[in-house]
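Heads up, the thing below is written out as structure tokens.
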Amino acid sequence: MKLNLSADEVLKTTRSVRKRLDFDKPVERSVVEECLEIALQAPTGSNSQGWHFIIVEDAAKKKALSDIYMENFKLYAGMPRPEREASDPRAQRMDKVVDSATYLAKNFHRSPLLMIPAIEGRLDNLPSFATASIWGSLLPAVWSFMLALRERGMGSAWTTIHLMNDGEKKAAELLGIPYDKVSQGGLFPIAYTLGTDFKPASRLPLDRVMHWDKW
């Protein structure tokens, strides 16, 4: 099923979906592969194409990844929140963001599929030039994947909490990812969404973040 959204509509309404993931509806492998074929058209530095996408369908492995995520989420949830003015749209949405993030953490294992995007190379302690270049060869593809999911009535959420502490290494051991040669970029639930009527999010006004010629 395709929603036949315009490019602008897809870009404006692709959200991090948590509470509206349909954990009970199976996801066809063919649809995920179709979305990944689209993702592979994303730009990649020096045509390196060092990306890899690990799709997890096995229930026991999904549960193990969810446990890694939850262990780190409990630590993350206890960290101080940024202090912002009450008028700031980020402050106004924070309670709902925390609530939905907690919901996902508790239900991660129920997702029909999980996906870990990865890139060849270890990025630990590299200069910013190197890390920007390498992540720049993975993150556009992941975003393209999420846009393709949206057009097909599906959703995901970009999470990185499983990478905290030794979580990345645990996930690598679980899935056979060569930790010393490959860096993971996140953990994504993949599911159809409950309804498809997503809307643009509340954001800071453009003049707060746009700079012409100087900061």
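Structure summary
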| read-out | value |
| --- | --- |
| Single condition V56 does not satisfy, out of (1) more than 23 Å from N165 (Cα to Cα); (2) among the aliphatic types (A, V, I, L, M); (3) crowded, with 17+ Cβ neighbours inside 10 Å | (1) |
| Segment 1-26, subset in a strand (DSSP E or B) and of a type outside the set (A, V, I, L, M, F, W, C), residue nearest to V142 (Cα to Cα) | S16 |
| Subset of segment 69-87 [at pLDDT below 80 and under 17 Å from the mean Cα position of the chain (by Cα)] | none |
| Residues satisfying the stated conditions in segment 73-95, i.e. free of Cβ contacts under 8 Å to residues at least 12 places away in the same chain and within 30 Å of D24 (Cβ to Cβ) | K74, D95 |
| Whichever residue in segment 160-174 is out of contact with any Phe, Trp or Tyr (no Cβ under 8 Å at 6 or more places or on another chain) and not charged (D, E, K, R) and, among such residues, is surrounded by the fewest Cβ atoms within 10 Å (Cβ to Cβ) | N165 |
| Residue in segment 1-27 that is surrounded by the most Cβ atoms within 10 Å (Cβ to Cβ), counting only those that are among the hydroxyl-bearing types (S, T, Y) and touching a Phe, Trp or Tyr at 6+ places or on another chain (Cβ under 9 Å) | T14 |
| Answer from M70, M115 - the residue that is in a strand (DSSP E or B), in contact (Cβ under 8 Å) with a residue 12 or more places away in the chain and among the aliphatic types (A, V, I, L, M) | M115 |
| Among (1) more than 18 Å from A172 (Cβ to Cβ); (2) touching a residue at least 60 places away in the same chain (Cβ under 8 Å); (3) in a helix (DSSP H, G or I), the one test that I134 misses | (1) |
| Residue pairs meeting the criteria (Cβ under 9 Å; at least 6 apart or on separate chains; first assigned to a loop (DSSP other than H, G, I, E, B), in segment 53-64; second exposed (fewer than 15 other Cβ atoms within 10 Å of the Cβ)) | E57/R29 |
| Boolean, D213 is over 30 Å from G78 (Cα atoms), acidic (D, E) and part of a helix (DSSP H, G or I) | no |
| Those residues of segment 24-45 which are touching a residue at least 40 places away in the same chain (Cβ under 8 Å) and closer than 27 Å to A130 by Cα, in sequence order | L36, I38, A39, L40, Q41, A42, P43, T44, G45 |
| Qualifying residue in segment 88-104 (condition: at pLDDT below 90, under 29 Å from R208 (Cα atoms) and not in a helix (DSSP H, G or I)) | yes |
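The values are calculated or read from the model by the stated rules, or taken from the named source; none is laboratory data. This structure is a prediction, so every number in the text was calculated from the model and none was measured. Backbone-built Cβ (ideal geometry, glycine too); neighbour counts: all protein chains shown.
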